[in-house]
Amino acid sequence: MSFLHDLFVWFNDPLNWQGENGIVHRLIEHLVLVGSAMAISLVIAVPLGVLLGRSRRKGSIAVNVANIGRAIPSFAVIALGVIWLGIGFRPALIAMVLLAVPPIFTLTFTAIREVDSATIDSARGMGMTEATLLRRVQLPIARPLMLNGIRLSSAAVIATATLAALVGWGGLGRFIIDGFSTRDFVEVFAGVVLVAALVLISEATFALLARLTVSPGLTDRGPSRRERRLRRSGVEGAAAA
Amino acid sequence: MVLPGSILAQVDQPLIRWPWIGDHLALIGAALLQHLMLTFIAVGIGFALSMVMAVIAIRFHVSYAPINAVTGVMYAIPSLALFILLTPITGLTTLTAEIALISYTLQILFRSIVAGIDGVPAPVVESARGMGFTPSKRFLRIELPLALPVIISGLRIATVTTVGLVPIAGLLGRDQGGLGQLIFDGLNRFFNTPLLLGAVLTVALAVTLDLTLVGLQRVLTPWTRRGAAAA
Amino acid sequence: MIRLEHVSKTFPGTSAPAVGDLSLEVDEGEIAVFIGPSGCGKSTTLRMINRLIDPTSGTITVGGRDVMDVKPHGLRLGIGYVIQQVGLFPHRTIAQNIATVPELIGWPKARTAEQVSRLMEMVGLDTELARRYPSELSGGQQQRVGVARALAADPPVLLMDEPFGAVDPIVRARLQDELIDLQRRLCKTIVFVTHDIDEAIRLADRMAVLNVGGVVEQYGTPVDVLAQPANPFVEEFLGSERGLKRLSLIDVRGTKLDPGPVVGSDTTMDVARQVMQASATDWVAVVDDGHLRGWVEASYLQGPDRVGDVEVRPFLVTLRPDSSLREALDTLVASPTRVAVVLDEHDRYQGVLDVGRIGGELE
């Protein structure tokens with residue numbers, strides 16, 4: 001209980017909010033890193049995913065490359081980035097972009113590719129140009145899965161951006177690192193709370209975005225998990241009863 | 001160990017000093033071995049725990065949501081913080097590193113085991129039941145093998161993630177974190193050679209273990225290979 | 001309306017052409033059905049008409065215009081297209097789906113809305129469904145939306161690629177009836193692809209029987225094709241019940257009826273027996289002032305009474321002039337009199353049909 005109390009005190013201390021080491025400044029640093037990484041990743045991954053998803057044959061190689069990309073450890077990338085670019089913002093940015101691109105690319109690619117071919121055939125048959133087809137049929141149908149990829153990337157980048165504190169960039173990771181070096185675990189935990197809050201805000205934002213922009217016709221009206229399980233075990237109609 | 005925010009980039013030095021590597025082979029070997037041990041123990045224990053939780057979740061459906069939520073929260077804590085937050089309790093020890101690493105594997109492994117078993121086609125389960133398999137035999141001889149491809153793909157992600165997280169445990173002390181020892185040494189001294197070596201070996205280890213597991217899956221589930229060839 | 005001249009299509013990477021050298025014409029306002037085994041190129045041919053596939057050689061004209069002279073999407077805007085999997089847009093409501101082409105060609109909103117509700121009514125969809133999404137509809141309902149969507153901008157030509165192939169037989173029969181009914185009112189030029197011979201016979205004004213490689217084995221009205229298959233391939237494709245299938249296409253109206261053994265209620269038994277013997281039957285029909293009362297068995301025609309005094313049994317099933325000979329056959333085999341009775345629109349007795357007369361029609 002006293003730990004929670006200390007945490008409360010920490011957050012209530014105006015000194016912890018101001019200045020170069022304050023929450024506001026560290027939060028802005030964190031958001032700059034996350035925002036730049038996400039913006040760059042979107043510019044790279046979305047067009048690439050759409051382009052390869054639309055071409056019928058190519059693309060599986062790209063997905064395999066993206067999967068290997070998922071295997072590359074962020075911390076090792078940051079370390080390599082330091083050798084190349086020195087410490088600070090840039091190695092962290094590169095690592096965050098490498099972290100964010102694979103989920104966005106893979107899910108965009110999959111989402112575009114999995115649009116029902118009959119839907120596309122009938123859209124073309126009704127006289128849609130390729131641009132109209134993409135804008136009015138493929139992208140709206142792919143949107144929920146694409147948003148999901150961006151959401152996953154965003155959460156991962158927000159949490160992993162704390163590593164930037166190890167190579168001389170600020171951000172919320174500083175509270176964790178600085179707290180550790182002074183054995184001030186209240187400060188460490190405060191850092192965790194701030195990161196978690198940011199992740200939650202990101203999740204909520206994407207949930208809201210999905211609700212606002214995804215057609216209700218695409219939301220899952222399928223049987224619930226429970227019903228599926230019941231059917232699997234052969235208890236037909238039990239869900240209806 | 002903590003770097004001030006405004007240090008200049010490293011002074012001119014070669015990308016790699018080969019003599020240093022020659023002089024420190026024993027250290028490098030030990031770091032690599034530690035990295036492997038930390039990874040195997042974490043994934044091994046994580047897998048055992050996840051299997052138990054998956055069996056519980058499949059047997060008692062209500063438990064799925066809470067288990068998923070708890071492992072999800074563990075997975076969501078920034079890795080940097082998880083290592084540090086445990087130190088007041090378990091100290092700057094390997095135990096601290098292992099607990100953190102294990103807790104990262106749980107969500108991935110638990111979900112992939114459940115998804116794999118859930119994805120076994122109902123008719124197969126039905127016919128096994130019809131042939132008189134007991135529930136435990138059915139689980140071991142039918143459901144588990146058929147779920148292997150999904151489970152192994154979960155193992156791949158868990159393993160690769162763990163390999164990537166081990167170096168962060170180097171925060172806990174000079175002799176911790178496997179190849180992370182080299183990376184932190186390099187960062188602290190602005191010395192490229194161990195930094196590069198630690199990072200490259202970590203990436204190489206992740207890719208190697210990933211490919212090993214792909215190979216393992218091909219050996220263990222020959223039926224998926226044949227299916228792919230027919231398609 | 002649609003004219004294919006020496007059309008061929010060879011897909012890249014294949015040696016044998018999917019469609020070899022196909023020439024065929026579809027007149028304005030008729031339903032032309034392409035039928036044949038899988039791999040006969042019937043879908044390929046259909047998709048060449050709206051340029052979803054471009055022909056390797058040959059000419060296709062729609063309404064006198066060479067399709068290769070028009071931009072593909074412009075061409076398609078003027079041609080309705082319905083496919084088996086329907087291909088509704090899952091993210092758009094039923095009304096939005098139907099409004100697709102009017103929106104693409106820039107109809108005013110009010111006109112589009114009016115057209116949508118008119119079409120939903122026309123294809124038998126409850127207008128309450130307008131705001132639903134495709135996933136909430138049954139297969140039959142989805143296909144109705146597909147047809148409405150294809151008709152939305154009132155195109156003169158409709159291409160239908162096995163549109164009813166994925167629904168169950170009962171719904172399929174209903175959709176076929178509705179299409180016939182719709183066509184009576186709209187008079188579109190329709191090209192319809194199917195592999196179901198009964199569907200082809202039912203819908204076609206003319207049917208083209210295709211063989212592998214897009215070879216037209218025979219092109220003609222269903223009656224002609226059934227009566228005179230051009231070659232053994234067509235004969236085998238039509239199947240063993242060719243005669244029965246033909247009967248379903250011939251109206252009772254076109255057949256000469258037998259007057260049958262007819263007496264009035266006040267006819268004496270003696271006269272009734274003479275009528276019966278003259279027609280070599282064991283029953284007589286009782287008709288008063290042109291209205292059929294029923295029939296009387298031979299064993300009742302005894303004694304001094306008149307026919308109306310004994311038990312007159314009704315005919316359980318009677319036919320109309322627009323009934324098919326197939327129905328006549330079904331009726332007579334189930335009847336104890338071994339004939340099918342035909343009445344006109346005003347229930348006036350016209351005569352009877354027996355097996356001999358129906359058989360005569362097949363010769």
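Nothing in this text is a laboratory measurement; each read-out follows from the coordinates by a stated rule. Only a predicted model underlies this, so the values are computations on that prediction, with no experimental measurement involved. Don't worry about glycine lacking a Cβ; one is built from the backbone with ideal geometry, like all the others, and counts go over all protein chains shown.
Values as computed for the structure displayed
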{"item": "Under 11 Å, Cβ to Cβ, from C:Q218 - net charge with Lys/Arg +1 and Asp/Glu -1", "result": "-2"}
{"item": "Residues of the range A:26-49 with amide N under 19 Å of a point placed 7 Å along Cα→Cβ from A:D184", "result": "A:26-30"}
{"item": "Rounded, prolate or oblate (a/c below 1.5 giving rounded, otherwise prolate when a/b exceeds b/c) for the range A:84-196 by Cα gyration tensor", "result": "prolate"}
{"item": "Cα long-axis angle, helix A:74-85 against chain A (0 to 90 degrees, to the nearest 10)", "result": "70 degrees"}
{"item": "Local electrostatic count at A:I176 - Lys and Arg +1, Asp and Glu -1, tallied over other residues with Cβ under 11 Å", "result": "-1"}
{"item": "Modelled FRET efficiency - R0 22 Å, B:V219 with B:L25, Cβ distances, 0.05 increments", "result": "0.10"}
{"item": "Filtered chymotrypsin sites (Phe, Trp or Tyr not before Pro), the range B:31-124: DSSP coil and at most 10 other beta carbons within 10 Å", "result": "B:F60"}
{"item": "FRET E, pair C:K109, A:R57, Förster distance 41 Å, beta-carbon r, rounded to 0.05", "result": "0.50"}
{"item": "Violating pairs (Cα-Cα greater than 32 angstrom) within the set C:K9/C:K188; C:K9/C:K109; C:K42/C:K245; C:K42/C:K109; C:K42/C:K71", "result": "C:K9/C:K109; C:K42/C:K109"}
{"item": "Gaussian network model of chain A, Cα within-10 Å springs - most flexible of A:S122, A:S202, A:S215", "result": "A:S122"}
{"item": "Global geometry of the range C:131-192, whether rounded, prolate or oblate, following the gyration tensor of its Cα atoms and the 1.5 cut on a/c", "result": "oblate"}
{"item": "Percent breakdown of C-alpha pair distances by 10 Å bin, ordered from the shortest bin, for the range B:88-174", "result": "16, 33, 22, 17, 10, 3"}
{"item": "Distance between modelled label sites at C:D344 and A:I28, nm, 7 Å Cα→Cβ extension", "result": "9.8 nm"}
{"item": "Amide H contacts of C:V193 (H built 1.01 Å from N, under 5 Å, at least 5 apart or other chain)", "result": "C:F34, C:M160, C:D161, C:E162"}
{"item": "Distance between modelled label sites at B:D175 and A:S36, nm, 7 Å Cα→Cβ extension", "result": "4.0 nm"}
{"item": "Within a Gaussian network of chain A (alpha carbon springs, distance under 10 Å), most fluctuating of A:A142, A:A62, A:A37", "result": "A:A62"}
{"item": "Convex hull per residue volume in Å³, alpha carbons only, for the protein assembly as shown", "result": "255 Å³"}
{"item": "Projected area averaged over orientations for the range B:45-88, convex hull of C-alpha atoms, nm²", "result": "3.6 nm²"}
{"item": "The range C:225-302: trypsin sites (Lys or Arg not before Pro) falling in loop per DSSP and having at most 14 other Cβ within 10 Å", "result": "C:K256"}
{"item": "Shape of the range C:163-209, Cα gyration tensor, a/c cut at 1.5", "result": "oblate"}
{"item": "Sparse-neighbour loop sites [chymotrypsin sites (Phe, Trp or Tyr not before Pro); the range A:1-73; at most 15 other C-beta within 10 Å; DSSP]", "result": "A:W17"}
{"item": "Among A:R113, A:R70, A:R135: highest mean-square fluctuation, GNM of chain A, C-alpha pairs under 10 Å", "result": "A:R135"}
{"item": "Computed E for C:K71/A:D116 - FRET, C-beta separation, R0 35 angstrom, nearest 0.05", "result": "0.85"}
{"item": "Diffusion coefficient, µm² s⁻¹, Stokes-Einstein with Kirkwood Rh over alpha-carbon pairs of the range A:43-117 at 25 °C and 0.890 mPa s", "result": "186 µm²/s"}
